[in-house]
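Report on the structure given below.
The values are calculated or read from the model by the stated rules, or taken from the named source; none is laboratory data. Values in this document were obtained by computation on a predicted structure and should not be read as measured data. With ideal geometry, Cβ positions are generated from the backbone for all residues, glycine too; neighbour counts draw on all protein chains shown.
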Amino acid sequence: MTEKTPLYDSHLAAGGRMVDFAGWIMPVNYGSQIEEHTAVRSDAGMFDVSHMTIIDIQGPDAEDFLRSTIANDVAPLLVNQALYSALLNEQGGILDDLIVYRLENSFRCVVNASTRQKVLDWFGVHAYTNMTFAHKPQIMIAVQGPKAIQRLSEVADIPQLSQLKPFYALAFGDWLIGRTGYTGEDGVEVMLPVEQGIELWQQLRDVGVAPAGLGARDTLRLEAGLNLYGQDMDETTSPLVSNIGWTVAWNPPGRDFIGRSALEVQRGNVGEKLVGLVLEDKGILRHDQKVITNAGDGIITSGTYSPSLEYSIGLARVPAAASGDCQVDIRGKMKNARLVKPPFVRKGKDLLAKKLI
C-alpha cells in the first residue's frame, strides 16, 4: 500500500510528477531535474522529506539504549547537537543510517522511510526498561542551498538561525530546525506540525525557493559522495566497507554496542572499499555495472550524470587494493574510468582535482 505525505496536494499544485518511492507517492521532479539541481547549487531549493521517520526516545535509560544500539556515541552530545551514525545488526551489517539529536529531555532519531517498521521493531526488541519511544508524524522540509538560510529567514523570524552551526538544532515554537542536509550544500531540515508545514511550503515557494524532487536529490547527494541506504550500503555491508567508518566510535573501549564484536574482527582486515568513480569515455554509469580494476572486479552501487561537472560519476564497491585507472562494462562495451576519493562536489566546488586513488 502506497502512502502520501501531507504535502501531496502541494506537489500536484506545483506540477510534480509523482512516482512510487519506498512505498510513498513522491515527486521525482517538477518539470526539469537539471533546473532543480542547479537551483540548490546556486540559490535554494526545498525537498519534501516527510516520508522520513522521526522517532522520539524519552526516559532515564534513553541515552544508555542509544549507546548500545548505534555505532557512534551519543554521550558527548550537547543539548541540541546531532550526530550521524548507523544502526547495526550482530554481524556488523547496516540496518539503517540515521541522525540522532540530543534534545532538552529526550533524543530524536531521523531514519529512512523504507526502514521505518524494521527500525521500530528493532528498537522494541532492544528497548531498556525505563524508556519509551514513539514515531512522531510531522512534516519535514529540507531547505538546501547557499541562500537557504536567507530564504527561510524571509518567511520566518527565527532568532539565532544564521548562527546555527552544522549538526546543531534549535527549537522554534513547535518546530525543530537542524542545520543538516543531504545535498552537499548549506541548509536546514525543518520538522514541524502538519498545518504549519503546508503553510511554510507555500511561503517558501512565494519567495522563490524551488521545489525539488527525488531526481535532483539523487544527483546532488551523489555529487556530495553521500550514500543511499539500500543501494550503497545495506544489512550485508558494514560501515567499514561503506566509506562511513568514521561514524564508528571505538572509544571508550568498554562501550559494547550491537555489532561491535563483528567490526572488531573486520578492523584492519577489510577486503573491500566504497570509492568514487569518474567515467572518462562517453556514457552513463549505473547501479550494478561491473568495474574492472587492477586488484579485481567491483560493482557500481550508484551512478548518474553529474549536472555540476557535466560528466558521469558513481560510487563503486571494489577490492581494497584497487587504485588508479579502471574500466566499466556498459552494455557489453568496456569504457575507461578512474577511481577517485569522494566527494565530487561540495558547496558548488569541484573537489576532484583530477587526483587518482
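Tallying residues that are at pLDDT 95 or above, among the aliphatic types (A, V, I, L, M) and touching a strand residue (DSSP E or B) at 6+ places or on another chain (Cβ under 6 Å) within the stretch 315-357 yields 10. The set of residues from the stretch 192-219 being under 19 Å from His51 (Cβ atoms) and either among the small types (Gly, Ala, Ser) or in the same structural domain as Val111 (by TED's automatic domain parsing) (or both) comprises Gly197, Ala212, Gly213, Gly215, Ala216.
Taken together, the residues in the stretch 265-308 that are touching a helix residue (DSSP H, G or I) at 6+ places or on another chain (Cβ under 7 Å), among the aliphatic types (A, V, I, L, M) and part of a loop (DSSP other than H, G, I, E, B) amount to 1. Quick one: is Gly298 under 21 Å from the mean Cα position of the chain (by Cα), at pLDDT 95 or above and surrounded by 19 or more Cβ atoms within 10 Å (Cβ to Cβ)? Answer is no for this residue.
Looking at Ile55, Ile34 in this structure, which one is outside any loop (DSSP other than H, G, I, E, B), in contact with a Cys (Cβ under 6 Å, 6 or more places away or on another chain) and touching a residue at least 12 places away in the same chain (Cβ under 8 Å)?
One residue alone meets the criteria, Ile55.
Just one of the listed residues (Ala337, Ala262, Ala249) is assigned to a helix (DSSP H, G or I), among the small types (Gly, Ala, Ser) and either assigned by TED's automatic domain parsing to the domain that holds Leu66 or in contact with an Asp or Glu (Cβ under 8 Å, 6 or more places away or on another chain) (or both), and it is Ala262.
Among the numbered conditions (1) part of a helix (DSSP H, G or I); (2) over 23 Å from the mean Cα position of the chain (by Cα); (3) within 26 Å of Ile70 (Cα to Cα), the only one that Asn130 does not meet is (1).
Residues that are more than 30 Å from Leu351 (Cα to Cα) and either surrounded by fewer than 21 Cβ atoms within 10 Å (Cβ to Cβ) or not assigned by TED's automatic domain parsing to the domain that holds Gln202 (or both) are absent from the stretch 220-230.
Restricting the first residue to the stretch 149-173 and requiring it to be of a type in the set (D, E, K, R), which pairs with a second residue that is assigned to a helix (DSSP H, G or I) meet a Cβ separation below 8 Å and a spacing of at least six or different chains? Correct list of pairs: Arg151/Leu204.
Of the residues screened, Ala71 is not one that is of a type in the set (A, V, I, L, M) and within 25 Å of Gly215 (Cα to Cα).
Among the listed residues Asp96, Asp20, Asp43, identify the single one that is of a type in the set (Asp, Glu) and outside the structural domain of Tyr168 (by TED's automatic domain parsing). Being of a type in the set (Asp, Glu) and outside the structural domain of Tyr168 (by TED's automatic domain parsing) holds for just one of Asp96, Asp20, Asp43, which is Asp96.
I'd like to verify a number: residues in the stretch 318-334 that are in a strand (DSSP E or B) and under 24 Å from Gly271 (Cβ atoms), how many?
Going through the stretch 318-334 one residue at a time, the tally reaches 7.
Given the criteria assigned to a helix (DSSP H, G or I) and either crowded, with 22+ Cβ neighbours inside 10 Å or more than 19 Å from the chain's Cα centre (by Cα) (or both), does Val79 qualify? Criteria not met by Val79. Selection of first residues in the stretch 305-320 that are within 13 Å of Pro342 (Cβ to Cβ) and of second residues that are part of a loop (DSSP other than H, G, I, E, B) and among the charged types (D, E, K, R), restricted to Cβ pairs under 7 Å at least 6 apart or on distinct chains, gives the following pairs, ordered by first then second residue: Leu315/Asp232.
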